Amino acid sequence: MASKFTVSNRTGWLMAGPAVLLIAGFVILPFFLAFYFSFTNQRLVSPNATEFVGMSNYRQLLGVTTLTLDPVRDDSGAVVMKDGEPEYPSLRTITRNNPDRPDLAGMREWFSFSLGGDSKTFVLARDVVFMKAVVNTFIFVLIVAPVQAGLALGLALLINQRLKGINVFRAIYFMPVVVSIVVVSLLWRLIYDGQSGLLNNLLGAISFGLIPPIDWLGNPSTALGSIIAMSIWQAVGFHMVIWLSGLQTISPTLYEAAAIEGASKWQVFRYITWPGLRNTAVLILIVITMQAFGLFAQIDVMTNGGPLDSTQTIVFQAIERGYGKQDISGGSAISVILFIIVLSISLIQRWLTREKT
Amino acid sequence: MARISLKNVKKSYGATHVIKGVDIEIEDGEFCVFVGPSGCGKSTLLRMIAGLEDITSGQLQIGETVVNDLPPKDRGVAMVFQSYAIFPHMTVRENVAFGLTISGASKEEKDAKVAEAARILQMEHLLDRRPSQLSGGQRQRVAIGRAIVRKPQVFLFDEPLSNLDAALRMDMRMEIGKLHQQLGATMIYVTHDQVEAMTLADKIVVLKDGQVMQIGAPMDLYHDPANLFVAGFLGAPSMNFLKVTVQGVNGGKVLVSNGALDPVEVSGKRGPFRVGDQAILGLRPQYLSVAPGSGKLHGTVALTERLGAETVVEVTLKDGNPLIAALAHDAVFDVGSQVHLDFDPDRVHLFPVT
């Protein structure tokens with residue numbers, strides 16, 4: 001017998017229909033198309049027919065290998081020095097038009113290290129920019145998730161009091177959340193400006209000119225940090241509200257019982273508040289992690305991935321490839337990789353924070 | 001030791017006066033019950049003693065110390081809450097040991113004291129369970145265990161049995177009574193249940209609208225209520241009140257009657273009464289007896305409830321007012337039949353009309 005929902009509830013289906021179609025068209029279909037395209041050579045606009053290319057997009061993105069080289073020696077067998085360092089054979093001679101190592105064709109140096117001795121190990125990647133994007137994204141997540149969650153919890157504890165005008169503080173902390181991230185990014189570009197930005201002026205004023213102006217977004221060593229700070233500030237209010245709702249589910253009598261037993265403020269937090277926030281903490285951690293992996297708008301508005309690829313991120317690369325370079329298949333492959341990363345991390349987080357019985 | 005003294009204690013929330021000047025003295029080791037209807041301020045008063053609510057004015061002394069401005073932890077009190085307030089994420093053992101953990105006691109000390117509390121409350125087998133695996137009565141034991149493990153000077157109970165079913169409530173009531181004998185500590189117990197008050201208390205404080213109605217031993221309050229409120233609040237079924245007219249005054253005795261009541265001389269100690277005054281005569285249903293052919297009260301049977309050991313009879317008096325009689329045996333009455341009731345004039349109470 002057919003369910004009541006499919007037969008007699010035509011009005012219901014008619015009402016749900018537009019939303020179902022839109023979700024199918026703009027969420028579900030693209031999700032599966034991304035998987036499909038990632039195994040083809042599809043381009044955004046191309047006269048050529050789409051071909052199935054197997055794992056080649058993934059090999060191109062994820063190809064990493066190591067190459068250990070001995071330093072160049074002169075006729076007497078001594079190491080040739082250049083600027084005080086041993087000189088190594090040029091990588092180009094090995095990775096380009098080299099019939100001996102066809103597997104290294106097109107790879108570039110990502111980074112290198114030395115394990116003692118004269119020889120040096122080079123890590124080569126087929127797509128160095130993507131590798132940098134992956135590393136940057138992980139740095140961003142690893143810093144933003146704990147710092148943002150912690151700050152949001154601190155704010156939530158502060159505003160979870162019965163004080164006059166406490167709603168003003170709640171509103172102020174929440175305000176950045178309701179402003180579009182694009183607008184926020186534009187504003188912060190002004191704040192971070194290398195010449196007369198607000199931050200440089202402020203630092204100059206409080207240090208009486210001792211701190212010289214810094215080009216926060218133009219310097220590879222400060223650009224990612226600047227974006228991290230601004231991103232934490234922007235969304236901290238949102239997570240504060242989630243923490244606050246968690247705090248308010250804890251029964252006030254538990255706090256009274258703890259007060260009578262003589263618990264200090266820290267002990268109350270340690271034994272009552274924090275255990276009571278366990279489920280909220282899991283939720284917040286997963287939400288922040290997923291949002292942080294999706295870092296794009298700030299990059300697009302503030303740095304475009306620069307300087308020197310120091311702020312490349314996975315999503316920025318996906319969009320840059322898919323639309324900037326019209327390489328839909330490459331962008332799709334990046335999206336799929338991101339999906340797998342986020343899914344695995346969420347599953348691991350859930351497993352780590354599971355209720356132990 | 002732990003004498004508790006409240007002197008003209010008041011509590012207001014803005015213009016709302018919740019406790020309107022309360023004086024209570026509780027001796028060391030005494031079991032004191034605050035009883036009264038919902039909203040009478042009894043829980044607020046207990047929370048003020050615990051330190052969970054500020055005292056607006058007056059003085060609260062525990063032992064030799066004025067504790068008005070001390071935080072709860074420095075008052076030497078332990079409290080058992082109506083909702084138990086046991087920590088959901090801790091095992092029973094951790095819950096009971098909580099106060100000791102907080103004060104940094106050693107593991108050996110904790111184990112020993114928890115074991116002792118568990119023995120007293122017969123919950124050794126529950127120690128490793130979590131609160132979600134416990135029944136209501138077991139949770140209440142845990143809450144009491146947490147209170148006794150620190151050996152406080154004063155125990156405060158805030159309606160601890162009201163979330164339990166009737167049978168369990170009686171068991172736990174007896175256990176709390178035994179616990180008081182075992183520990184010998186001062187206990188203050190808040191309840192709206194007069195049975196708990198009567199059975200547990202050394203001293204009952206009857207409260208109404210933030211004021212003390214009467215303080216005394218349970219039987220003193222039962223046999224000699226100071227006012228209509230106390231008279232009607234204690235005892236089940238509750239006291240009958242008849243409107244009577246004063247016919248004569250003779251020293252301490254007053255002669256009263258009404259349309260259903262033959263003239264009877266009763267004590268006038270709650271007076272003064274003058275001839276012609278309206279007054280209220282209180283008769284406990286238990287002190288009425290059937291007197292065929294004679295008796296002082298006359299009416300017809302409206303309803304009977306036979307409970308085996310006693311029979312509760314609702315009588316419609318000759319003047320139309322209802323009266324309840326609780327007869328101490330199994331008796332059969334036909335509804336609508338004439339009935340004559342008698343009582344001992346020394347066991348009734350005459351109250352002035354206020």
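At a glance:
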read-out: Residue pairs meeting the criteria (Cβ under 9 Å; at least 6 apart or on separate chains; first not assigned by TED's automatic domain parsing to the domain that holds A:T289 and polar (S, T, N, Q), in the range A:236-265; second surrounded by 17 or more Cβ atoms within 10 Å (Cβ to Cβ) and in a helix (DSSP H, G or I)); value: none
read-out: Residues of the range B:323-340 that turn out to be assigned to a strand (DSSP E or B), touching a residue at least 40 places away in the same chain (Cβ under 8 Å) and either charged (D, E, K, R) or in contact with a Ser or Thr (Cβ under 7 Å, 6 or more places away or on another chain) (or both), as a count; value: 3
read-out: Long-range neighbours under 7 Å by Cβ, at least six apart or interchain, first residue within 12 Å of chain A (Cβ to nearest Cβ) within the range B:130-148, second surrounded by fewer than 18 Cβ atoms within 10 Å (Cβ to Cβ) and assigned to a loop (DSSP other than H, G, I, E, B); value: B:R130/B:T91; B:P131/B:P88; B:S132/B:P88
read-out: Exclusive hit being touching a Gly at 6+ places or on another chain (Cβ under 6 Å), away from chain A (no Cβ under 14 Å) and not β-branched (V, I, T), set B:G63, B:G41; value: B:G41
read-out: Any hit, the range B:50-58, residues being surrounded by fewer than 22 Cβ atoms within 10 Å (Cβ to Cβ), more than 8 Å from every other protein chain (Cβ to nearest Cβ), hydroxyl-bearing (S, T, Y) and under 31 Å from the mean Cα position of the chain (by Cα); value: yes
read-out: Single residue of the range A:277-301 satisfying the filter (out of contact with any Ser or Thr (no Cβ under 7 Å at 6 or more places or on another chain) and small (G, A, S)) that is farthest from the other protein chains (Cβ to nearest Cβ); value: A:G294
read-out: The range A:46-61 residues that are not assigned by TED's automatic domain parsing to the domain that holds A:T313 and among the polar types (S, T, N, Q), paired with ones that are in a strand (DSSP E or B) and buried (at least 16 other Cβ atoms within 10 Å of the Cβ) (beta carbon under 9 Å, 6 or more apart); value: A:T50/A:T40; A:N57/A:T40
read-out: B:L327 vs. criteria surrounded by 17 or more Cβ atoms within 10 Å (Cβ to Cβ) and modelled with pLDDT under 90; value: yes
read-out: Test: residue in the range A:64-82 that is exposed (fewer than 12 other Cβ atoms within 10 Å of the Cβ), assigned by TED's automatic domain parsing to the domain that holds A:F111, within 22 Å of A:T121 (Cβ to Cβ) and among the charged types (D, E, K, R); value: yes
read-out: Extreme residue, nearest to the chain's Cα centre (by Cα), among residues of the range B:84-96 that are surrounded by 17 or more Cβ atoms within 10 Å (Cβ to Cβ) and at the interface with chain A (Cβ under 10 Å from one of its Cβ atoms); value: B:Y84
read-out: Single unsatisfied condition, B:M170 versus (1) surrounded by fewer than 18 Cβ atoms within 10 Å (Cβ to Cβ); (2) touching a residue at least 12 places away in the same chain (Cβ under 8 Å); value: (2)
read-out: Members of the range B:66-83 that are among the basic types (K, R) and more than 8 Å from chain A (Cβ to nearest Cβ); value: B:R75
read-out: Single condition A:R92 does not satisfy, out of (1) assigned to a helix (DSSP H, G or I); (2) of a type outside the set (A, V, I, L, M, F, W, C); (3) at pLDDT 80 or above; value: (3)
read-out: Count - residues of the range B:195-225 that are closer than 15 Å to B:R284 by Cα and either of a type in the set (S, T, Y) or buried (at least 20 other Cβ atoms within 10 Å of the Cβ) (or both); value: 3
read-out: Exclusive hit being over 21 Å from the mean Cα position of the chain (by Cα) and either under 26 Å from A:Q312 (Cβ atoms) or more than 14 Å from chain B (Cβ to nearest Cβ) (or both), set A:G197, A:G225, A:G262, A:G237; value: A:G197
read-out: Any hit, the range B:173-185, residues being in contact (Cβ under 8 Å) with a residue 12 or more places away in the chain, of a type in the set (S, T, N, Q) and assigned to a helix (DSSP H, G or I); value: yes
read-out: When residues of the range B:149-159 are limited to those that are within 12 Å of chain A (Cβ to nearest Cβ) and within 16 Å of B:G99 (Cα to Cα), the one surrounded by the most Cβ atoms within 10 Å (Cβ to Cβ); value: B:L156
read-out: All positions within the range B:296-320 that are crowded, with 17+ Cβ neighbours inside 10 Å and in a loop (DSSP other than H, G, I, E, B); value: B:K296, B:E310
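Matching residues to (1) touching a His at 6+ places or on another chain (Cβ under 9 Å); (2) of a type outside the set (A, V, I, L, M); (3) in the same structural domain as B:I102 (by TED's automatic domain parsing):
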residue: B:I26; (1), (2), (3): no, no, yes
residue: B:G39; (1), (2), (3): no, yes, yes
residue: B:K42; (1), (2), (3): yes, yes, yes
residue: B:M48; (1), (2), (3): no, no, yes
residue: B:L60; (1), (2), (3): no, no, yes
residue: B:E64; (1), (2), (3): no, yes, yes
residue: B:V67; (1), (2), (3): no, no, yes
residue: B:G76; (1), (2), (3): no, yes, yes
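The values are calculated or read from the model by the stated rules, or taken from the named source; none is laboratory data. Source: prediction; values computed, not measured. A quick note on method: Cβ atoms are made from the backbone with ideal geometry, for glycine too, and the neighbour counts reach across all protein chains shown.
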